[in-house]
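Structure, as structure tokens:
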Amino acid sequence: MKKTAPSMDAWLKEAKAHESAPKIGMYLSHNGIVRQSAKAKVRYNEDGTKPVVGMVFSYDESKVSAVIEDTYRMDGIYYIRVWLNEGELQTGDDIMYVLIGGDIRPHVVDALQYLVGRVKNECVVETEIYGE
């Protein structure tokens with residue numbers, strides 16, 4: 001069942017009040033949404049793809065937790081929060097929110113790419129729904 005997306009403003013406020021805040025010099029966020037262009041079109045440039053009107057989305061919570069734990073082991077990473085939607089989503093709906101806090105920009109950028117990449121490749125199932 002589709003969930004209500006969190007407030008990034010609230011997340012940042014909570015992160016800045018967290019005990020790790022004095023170590024953090026940067027927060028970086030990610031908001032993935034359901035797009036109209038099919039994955040086959042944007043990733044593999046396949047012609048003739050129909051527009052996406054929605055997606056069925058699910059994830060394995062234990063795998064996501066393991067990825068978060070691994071990301072915390074990266075240099076300079078002190079704060080991570082992840083939210084994933086589920087169910088039947090429509091174009092424009094939120095799929096994922098991530099907030100990562102760390103000491104310096106290169107560490108935080110690397111951690112965000114690492115975490116989002118692993119979640120997308122190892123933890124979720126996305127089935128696009130095509131229109132006419």
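The values are calculated or read from the model by the stated rules, or taken from the named source; none is laboratory data. Nothing here was measured: the structure is a model prediction, and the numbers come from that model. Cβ: placed from backbone, ideal geometry, glycine included. Neighbour counts: every protein chain shown.
Given the residues 52, 34, which is the only one that is hydrophobic (A, V, I, L, M, F, W, C) and modelled with pLDDT of 95 or more? If you could, list the steps in order and put the result at the bottom.
Values: 52 fails: modelled with pLDDT of 95 or more.
Testing whether each residue is hydrophobic (A, V, I, L, M, F, W, C) and modelled with pLDDT of 95 or more leaves just 34.
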Self-check item: Unmet criterion (only one of (1) in contact with a Pro (Cβ under 6 Å, 6 or more places away or on another chain); (2) modelled with pLDDT under 95) for residue 83
Solution: (2)
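Return yes when residue 59 is more than 20 Å from residue 7 (Cα to Cα), under 13 Å from the mean Cα position of the chain (by Cα), surrounded by fewer than 17 Cβ atoms within 10 Å (Cβ to Cβ) and in contact (Cβ under 8 Å) with a residue 12 or more places away in the chain and no when it is not.
Numbers: more than 20 Å from residue 7 (Cα to Cα): yes; under 13 Å from the mean Cα position of the chain (by Cα): yes; surrounded by fewer than 17 Cβ atoms within 10 Å (Cβ to Cβ): no; in contact (Cβ under 8 Å) with a residue 12 or more places away in the chain: yes.
Against the criterion (more than 20 Å from residue 7 (Cα to Cα), under 13 Å from the mean Cα position of the chain (by Cα), surrounded by fewer than 17 Cβ atoms within 10 Å (Cβ to Cβ) and in contact (Cβ under 8 Å) with a residue 12 or more places away in the chain), residue 59 does not qualify.
Quick one: which residue in 41, 13 is surrounded by 15 or more Cβ atoms within 10 Å (Cβ to Cβ), outside any strand (DSSP E or B) and free of Cβ contacts under 8 Å to residues at least 24 places away in the same chain? First the steps, then the outcome.
Details: 13 fails: surrounded by 15 or more Cβ atoms within 10 Å (Cβ to Cβ).
Selected residue: 41, the only one of 41, 13 that is surrounded by 15 or more Cβ atoms within 10 Å (Cβ to Cβ), outside any strand (DSSP E or B) and free of Cβ contacts under 8 Å to residues at least 24 places away in the same chain.
If I filter segment 6-53 down to residues being among the polar types (S, T, N, Q) and within 28 Å of residue 87 (Cβ to Cβ), which single residue comes out as farthest from the chain's Cα centre (by Cα)?
Going residue by residue through segment 6-53, those that are among the polar types (S, T, N, Q) are 7, 20, 29, 31, 36-37, 45, 49.
Subset that is within 28 Å of residue 87 (Cβ to Cβ): 7, 29, 31, 36-37, 49.
Details: 7: 14, 29: 9, 31: 6, 36: 18, 37: 18, 49: 25 Å.
The selected residue is 49.
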Self-check item: Scope segment 31-70; condition closer than 20 Å to residue 108 by Cβ, in contact with a strand residue (DSSP E or B) (Cβ under 6 Å, 6 or more places away or on another chain) and β-branched (Val, Ile, Thr); matching residues
Solution: 68
Quiz item: Is it the case that residue 72 is modelled with pLDDT of 95 or more, of a type in the set (Phe, Trp, Tyr) and more than 15 Å from the chain's Cα centre (by Cα)?
Solution: yes
